[in-house]
Amino acid sequence: MFQRKKLRHTHGRSDLFDGLHDDIVICILCKLSSTARCTSDFINILFTCKRLNRLALHPLVLSKAGRKTLTVRATNWSDHAHRFFKQCVNAGNVEASYTLGMIRFYCLQNRGSGASLMARAAIKSHAPALYSLALIQFNGSGGSKTEKDLRAGVALCARAAFLGHIDALRELGHCLQDGYGVCQNITEGRRLLIQANARELALVLRSFMPLSSNPLTWQSLHQRSNGSVYGPGMYIGCGLWSEFGCNVPEREVHPANRFLVEWFGLRGGGPGHGLRMCSHSGCGRPEFRRNEFRRCSGCGKVNYCSRGCQAHDWKIRHKVECAPMEQWMDLDAIDNDQEEEGEGEGEAEDGDRTVEVEDDGDGGPGR
């Protein structure tokens, strides 16, 4: 308990703010940190006065900080930002554990500490952390090909899917369809893929509902997603073709993934040393070894860290860009003999990482 402040008198009048008990101020700051729409809404409190600076850094306030409060740009990353995230982690903030874990694992190359922080969030049923750990197990990220653990990846995916993570549900459906790390069950896998599509559409419908009191129709939803309802400057997301017959906006990218995209963008767009980034623009995950990610067998130009990124990028971009492999192989054979030789060796070594471009019903290429 903080002691009650004495009233300060200025020109015969009392300062009502100083009269508020610290517990009341902390309660208000907890609400602010959990509902802030951007980081500056919370950071500005720290510069207001010494008392608010002290109370805003109280463990109870930091433990309630929401996803948008913890959004940080890669250009603004510093030791001060790192210390702030560690304070939030020590206060028990799950979002901070996941975001800092992603930054350490992929950006700062501190894989042990990063995985540990993500595991800390996963233990508290944080669905994105569970899904990210599943991808690390599927890809063997940070290690050799022999360090993959498909069964562990399936188990983590199943837990994330149970908590409502759409990409985890889609990944699990493909695993069941293909018998990848689990006994093959085509019917159950197909059911999960359809369920992932239904949840994706339901999420979009809920996001559109507050925009108008009028009932939603397929036509109005199509118009809204194409920006025709709101006019210039009010376009919502990019078009994403849904198998249910309408355009839906692209899902919001998690701040951790946005940080990864910006981080590697500032460093030439990739990790270097012949390693590639996931081709989905909203992912930001890099390879740790050559040919770690799945490569499209239709064009050979794109690669993905997961089924979720593959299906999402297929809907918004790659479906209209994918060209048969024979076309690009003929054009690039002379200039890229050495590169193609490296890809061929990787494919022979890690043949299960190549993906087909058949439409499997959920809008993405098949395995």
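With the requirement that a residue be in a helix (DSSP H, G or I) and without any contact (Cβ under 8 Å) to a residue 60 or more places away in the chain, what does the stretch 139-156 give you?
The answer is Thr146, Glu147, Leu150, Arg151, Ala152, Gly153, Val154, Ala155, Leu156.
Could you please find all residues in the stretch 276-291 being in a loop (DSSP other than H, G, I, E, B) and touching a Pro at 6+ places or on another chain (Cβ under 9 Å)?
Arg276, Cys278, Glu287, Phe288 - these are the residues of the stretch 276-291 that are in a loop (DSSP other than H, G, I, E, B) and touching a Pro at 6+ places or on another chain (Cβ under 9 Å).
I need the helices (runs of 4 or more DSSP H) fully contained in the stretch 36-138, keeping only those with at least 3 residues that are among the hydroxyl-bearing types (Ser, Thr, Tyr).
94-102
If the Cβ limit is 7 Å and pairs must be 6+ apart or interchain, which residue in the stretch 118-131 that is under 13 Å from Ala152 (Cα atoms) pairs with which residue that is surrounded by fewer than 20 Cβ atoms within 10 Å (Cβ to Cβ) and modelled with pLDDT of 95 or more?
Leu130/Arg159
Among the residues of the stretch 118-132, count how many are over 13 Å from the mean Cα position of the chain (by Cα) and either within 10 Å of Val94 (Cβ to Cβ) or at pLDDT below 95 (or both).
Number satisfying all stated conditions: 6.
I'd like to know if the stretch 160-173 contains one or more residues that are closer than 24 Å to Gly140 by Cβ, among the basic types (Lys, Arg) and either in contact with an Asp or Glu (Cβ under 9 Å, 6 or more places away or on another chain) or surrounded by fewer than 20 Cβ atoms within 10 Å (Cβ to Cβ) (or both).
yes
Count, please, the residues in the stretch 178-202 that happen to be touching a helix residue (DSSP H, G or I) at 6+ places or on another chain (Cβ under 7 Å) and either part of a helix (DSSP H, G or I) or at positive phi (or both).
Matching residues across the stretch 178-202 total 11.
Considering only the stretch 296-306, how many residues are crowded, with 22+ Cβ neighbours inside 10 Å and not hydrophobic (A, V, I, L, M, F, W, C)?
3
Yes/no matrix, rows are residues, columns are (1) of a type in the set (Phe, Trp, Tyr); (2) at pLDDT 90 or above; (3) in contact with a helix residue (DSSP H, G or I) (Cβ under 9 Å, 6 or more places away or on another chain):
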site: Thr48; (1), (2), (3): no, no, yes
site: Leu52; (1), (2), (3): no, no, yes
site: His58; (1), (2), (3): no, yes, yes
site: Asp79; (1), (2), (3): no, yes, no
site: Phe105; (1), (2), (3): yes, yes, yes
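Pull out all pairs, ordered by first then second residue, where Cβ-Cβ is under 9 Å, the residues are six or more apart or on different chains, the first lies in the stretch 308-320 and is buried (at least 23 other Cβ atoms within 10 Å of the Cβ), and the second is part of a helix (DSSP H, G or I) and at pLDDT below 85.
Partner pairs satisfying both residue conditions: Gln310/His318; Asp313/Lys319.
The values are calculated or read from the model by the stated rules, or taken from the named source; none is laboratory data. Being a predicted model, the structure only gives us computed values, none of them experimental. Positions of Cβ are backbone-derived with ideal geometry, glycine not excepted, and every protein chain shown enters the neighbour counts.
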